[in-house]
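No value in this document is a laboratory result; all are computed from the given coordinates. On a predicted model such as this, the values are computed, not experimentally measured, just so you know. Note that each Cβ is placed from the backbone with ideal geometry, even for glycine, and that neighbours are counted across all protein chains shown.
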């Protein structure tokens, strides 16, 4: 195999490749690494609801594990409000308020 095609040779050896093409290729490679949203069954939803209700009632700090396409994100705070119409939860973190989409919640921990 030619040395031009090893390592980063694809971009280094091809001077005719436009920067837009290189960026599109990198974005395509990154999109192949996207995660699939996990399905949460009814029993797990009930368990999460109980934890959220208890945390809101007792003003306990909880950790929400939220789904994102590439990496899950953790958010820590105290549940202030649950808006069932908009399907969002209001969380307070020190001096700020954050809204979380209920559909993004994978897990809730004390």
- Query: What distance in nm separates the simple spin-label points at residue 36 and residue 53, each placed 7 Å from Cα in the Cβ direction?
  - Reply: 3.2 nm
- Query: 222 nm [θ] for the chain, helices only, -39500 (n - 2.57) per DSSP H run of 4+, per residue, to 500?
  - Reply: -10000 deg cm²/dmol
- In nm, to one decimal, how far is the residue 70 label point from the residue 95 one, both placed 7 Å along Cα→Cβ? 3.1 nm
- Query: How big is the Kirkwood radius of the chain, worked out from every pair of different alpha carbons and given in Å to one decimal?
  - Reply: 17.1 Å
